[in-house]
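Q: Have a look at the structure that comes next, please.
The values are calculated or read from the model by the stated rules, or taken from the named source; none is laboratory data. These figures come from a predicted structure and were not determined experimentally. Note: ideal-geometry Cβ built from the backbone for every residue, glycine included; neighbour counts use all protein chains shown. These accessible areas exclude ligands, DNA and RNA; they are computed on the full protein's heavy atoms, side chains included. Shrake-Rupley method; radii C 1.70, N 1.55, O 1.52, S 1.80 Å.
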Amino acid sequence: LMRNTKEDEIYHINYNRTAPEGDKNYMQLSIARVTDNKGVVRFVCGFRNIDLMMEEEKHKTMLYSMAYIDNMTRVNNRRTFDEFMDSAEATEIKNDSMIFSFDLNDLKTANDSQGHEAGDELIIGAAQCMKRVLGPYGTIYRTGGDEFVAFCNIPDDVRRDVINQLVESFDNWHGNLY
């Protein structure tokens, strides 16, 4: 490998390593050929534990999710909505664009009469209905306790069908508690 390396290229060799204690991990060896200012060819090698890199990526994904995804409904949260709105000011609106604004009816009644678990179930159910019908066409945001906004691009020829599917999805939803 060292004989065939080219200047300014980095070569990676991935392999599984078993430590003397029996622990296994996924490693990467990186080799680069470098010629110094006196013309001497040297090789720079480095090892890295890919398992640690994967753990770091999982951690970054988790932090992103915590910052931008509503934990209860798994739709985008208010922060994501605000950032989208800030960036959308200069965006041209398409002819098939639709904005939906939702405020759940009877959430307070559900919370007061059935408990907050029933209210949470109602919020989650509403989000699931929106994701199922509107998800393929756009993005859904939970902007408040029982408030949602969806930005969608729905072609004219299916617009009425999508709206009917959404109404039907809400009408047919039944929770265990509410």
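Q: Going by the structure shown, is M27 within 30 Å of T80 (Cα to Cα) and surrounded by 11 or more Cβ atoms within 10 Å (Cβ to Cβ)?
A: The answer is no for M27.
Q: Suppose the filter is assigned to a loop (DSSP other than H, G, I, E, B) and either open to solvent by less than 30 Å² (accessible area, probe 1.4 Å) or more than 13 Å from F151 (Cα to Cα) (or both); does A90 pass it?
A: Yes.
Q: While we're on this one: Every residue in region 46-81 that is part of a strand (DSSP E or B) and modelled with pLDDT of 90 or more, please.
A: I69, N76, listed by residue number.
Q: Could you tell me how many of the residues in region 36-71 are free of Cβ contacts under 8 Å to residues at least 60 places away in the same chain, open to solvent by less than 80 Å² (accessible area, probe 1.4 Å) and under 30 Å from C152 (Cβ atoms)?
A: Summing the residues that are free of Cβ contacts under 8 Å to residues at least 60 places away in the same chain, open to solvent by less than 80 Å² (accessible area, probe 1.4 Å) and under 30 Å from C152 (Cβ atoms) in region 36-71 gives 4.
Q: Being surrounded by fewer than 17 Cβ atoms within 10 Å (Cβ to Cβ) and part of a helix (DSSP H, G or I), is that true of even one residue in region 134-152?
A: yes
Q: Given the criteria modelled with pLDDT under 95, more than 26 Å from the chain's Cα centre (by Cα) and over 20 Å from M66 (Cα atoms), does A110 qualify?
A: Answer is yes for this residue.
Q: Could I ask something else about it? For L177, all conditions in the list (1) over 25 Å from T109 (Cα atoms); (2) at pLDDT below 95 hold save one; what is the number of the exception?
A: It is condition (1) that L177 fails.
Q: State which residue is farthest from the chain's Cα centre (by Cα) when the search covers only region 113-127 and only residues that are in contact (Cβ under 8 Å) with a residue 12 or more places away in the chain and open to solvent by 40 Å² or more (accessible area, probe 1.4 Å).
A: Q114
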